[in-house]
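Since the structure comes first, as structure tokens, the remarks are kept for the end.
The values are calculated or read from the model by the stated rules, or taken from the named source; none is laboratory data. The model shown is predicted, which means the values in this text are computed figures rather than measured ones. Counting neighbours? That spans all protein chains shown, and the Cβs are built from the backbone with ideal geometry, glycine included. Protein only, heavy atoms only, side chains kept; ligands, DNA and RNA dropped before computing areas. Shrake-Rupley method; radii C 1.70, N 1.55, O 1.52, S 1.80 Å.
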Amino acid sequence: MQNFLKGAIAVAVIAGVAAAPKLIGLSVVENLNAHIAQINEIPSYQASIREVHSSWFNTTAVIDVALSVPELDAEMQEALTFHLDFSAQHGPILMGEQIGIGREAWSISYQGDSLREKLDFAAEQALYRFNAKTSLLGATSISDRVLPFNVTIKEFQEISMRFSGYQGSGEIQGKHINYLANIEKMSIDGDGKHASIDHIQFDTSLDATLDQIFSGEVYDSIVKVSIAAMHFKDEQDPAMTSNVTNTVITAESDADQANKLFHILSSYSVESYQVMGSEGQNLHLNIDMNNISTDFLKAYQNQMQEVMQNPQNDPAATQEQLLAFMDENLLDLLIASPELNIAQLSGTIDQGNFSAQLFTKLVNITALPDNMLDTAYWLSHIQASTNIELEQNIAEMVAKLVLKSQLQGNPQMAQATPEELDEIAMQQAPMMLQNLEQQGLLQTTANGYKLVAELKDSQATLNGNPIPLPIP
């Protein structure tokens, strides 16, 4: 009896392993059709499977993906249609390009043959390729790459572009996606000008499934783009030379599913720059958006999708559509007490240091006003504060720009040259700052000036002094 059980188990295991590739193949085709359907839900994209062949151990297909732009003619539209080659291996024993043990392995490639007249890249290789391999436990490793290529355009003048290639890799495990990609260098040369971007890196972490991403749901994420250096040089005009080092752009989102709220923090920084003779260091800009209604976001996405899928030739009709949408959904956005904050704006430029903050929030809104232009209503629901500090030279520069703008609009100065306007503005800038200080609009500091303002409960103060508001 014991031997019989062992034999039965062995037969079952062998049968399972033998049948698994076919069952996995059915799953591959089903998932492929599901993803095609998801792509077709994205505005302006159309995807279809032109042909599919599935055997016991592998599946191949040709997928057509087109970006639909009604304004383009047939020739240009054809250029935006891509034919992708899909190939999958069925586990648990993978015997194709990705040898090993796993549930499945698949790839999508774009040969790019129609582009070879314009792009110079390696022969007999796909211009783009994406690979994925799913383990028996469900984790999926991914990688993709774009081949290096060169482009030369000779229509008006010879311009050449060089692209070092793109390499990316990551992992999808449950509801978490990690992805890291690099571009070593991009450069453009022509007519004595040279521009280049060095060491571009994309670092992405998403707490979401692919279904959530395709459906437009909100989720937690961190996306970071860093650029080591950007250069520009004009041999005919050396004054145009520019260099920017260590640029970092980060977007972080936090989805509060329980309260149906979404938070977004965007940050931008530059370590140093030299642009057309001007220099600066440690530039920072952080923009924080809090308490954004996910119900409003979803409704807005649906509205934009409808507009894009059903373009109207009458702009007035489209505007009427959007106004109707706002009437129906704006309260969802406002009732959540949304915030828009500039948490940090700071840096050092030629004239010195500067820093600024701005915080704004809508509070205690339960219904929309009968008149959307009711100033008193909005002032009663806005909370705002700002803090700005400028060193002396920067304050004088700002004052000079304001004065020059005023002088340019003065008919009596219509015959003045730009140099004369600069000189007059420079002479009057210190007096303007002194007047603002005397009026309490600016406060002096050890190195320059500062401005502190606050608005709350329909009451406003500037540097601690109450100021009147335009309330009827």
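A few points about this structure:
- Sites matching trypsin sites (Lys or Arg not before Pro) across the stretch 84-160 that sit in DSSP coil, with at most 14 neighbouring C-beta atoms within 10 Å: Arg116, Lys118, Lys154
- The Cα atoms of the stretch 162-251 give a gyration tensor whose axes a ≥ b ≥ c have a/c of 1.5 or more with a/b greater than b/c, which makes the shape prolate.
- Paramagnetic reach from Met186 (point 7 Å along Cα→Cβ, amide N under 15 Å) across the stretch 138-163: 146-151, 160-163
- Between 0 and 90°, nearest 10: helix 294-309 axis offset from the chain longest Cα axis: 80 degrees
- For the stretch 353-364, putting each phi into the Karplus relation 6.51 cos²θ - 1.76 cosθ + 1.60 with θ = phi - 60° gives couplings of 9, 8, 8, 7, 9, 9, 10, 9, 8, 9, 10, 6 Hz, in residue order, rounded to whole numbers and with x for Gly and Pro.
- Inter-label distance for Leu331 and Met289, nm, one decimal - labels placed 7 Å from Cα along Cα-to-Cβ: 2.3 nm
- Dipole-positive endmost among Ala324, His194, Ser114 within the chain (Cβ charges, Cα centre): Ser114
- Rounded to 10°, Cα long-axis angle of helix 418-438 versus longest principal axis of the chain: 80 degrees
- Rounded to the nearest 20, the Cβ-based charge dipole of the stretch 260-366 about its Cα centre (Lys and Arg +1, Asp and Glu -1) stands at 260 debye.
- Within the accessible surface of the stretch 236-367, defined with a 1.4 Å probe on protein heavy atoms only, the carbon and sulfur portion equals 55 percent.
- Computed from Cα positions, the angle between helix 315-334 and the longest principal axis of the chain comes to roughly 90 degrees.
- Backbone N under 20 Å from the Tyr268 label point (7 Å along Cα→Cβ), restricted to the stretch 201-228: 201-203, 222-228
- Positive end of the dipole of the stretch 120-263 (Cβ unit charges, origin at the Cα centre): among His231, Gly216, Thr250, the Cα lying farthest that way belongs to Gly216.
- Applying 1/(1 + (r/R0)^6) with r as the Cβ-Cβ distance of Val275 and Gln319 and R0 = 35 angstrom yields a FRET efficiency of 0.35.
- The HN-Hα couplings worked out from phi for the stretch 397-409 by the Karplus form 6.51 cos²θ - 1.76 cosθ + 1.60 (θ = phi - 60°) are 5, 4, 4, 4, 5, 5, 5, 5, 4, 5, 5, 5, x Hz, whole numbers, x standing for Gly and Pro.
- On the principal axes of its alpha-carbon atoms, the stretch 370-418 has extents of 50, 31, 10 Å, going from largest to smallest.
- Solvent-accessible heavy-atom area per residue, rounded to whole Å², over the chain at 1.4 Å: 60 Å²
- Taking 0.36 nm per residue of sequence separation and removing the Cα-Cα distance, the Leu136/Lys456 pair yields an extension gain of 109.4 nm.
- Förster radius 41 Å - calculated FRET efficiency between Ser226 and Gln438 (Cβ-Cβ, nearest 0.05): 0.30
- Inter-probe distance in nm under a simple model that places probes 7 Å from Cα toward Cβ, at Gln415 and Met240: 3.6 nm
- Karplus-derived 3J(HN,Hα) values for the stretch 149-161, using 6.51 cos²θ - 1.76 cosθ + 1.60 with θ = phi - 60°, are 8, 10, 10, 10, 10, 10, 5, 9, 8, 6, 10, 10, 10 Hz; glycine and proline are entered as x.
- Calculated FRET efficiency, Ala356 to Ala37, Cβ-Cβ distance, R0 = 45 Å: about 0.40 to the nearest 0.05.
- From largest to smallest, the equivalent ellipsoid semi-axes obtained for the stretch 258-405 from the alpha-carbon gyration tensor read 37, 20, 18 Å.
- Only Lys, Arg (+1) and Asp, Glu (-1) charged, at Cβ; the chain dipole about Cα centre in debye: 1620 debye
- Long-range HN-HN contacts of Ala208 with modeled amide H, under 5 Å: His176, Ile177
- Taking amide hydrogens as placed 1.01 Å from N in the peptide plane, the amide H of Ala460 sits under 5 Å from those of Ile467, each at least 5 positions away in sequence or on another chain.
- D_trans [Stokes-Einstein, Kirkwood Rh over alpha-carbon pairs] for the chain, 4 °C, 1.567 mPa s, µm² s⁻¹: 46 µm²/s
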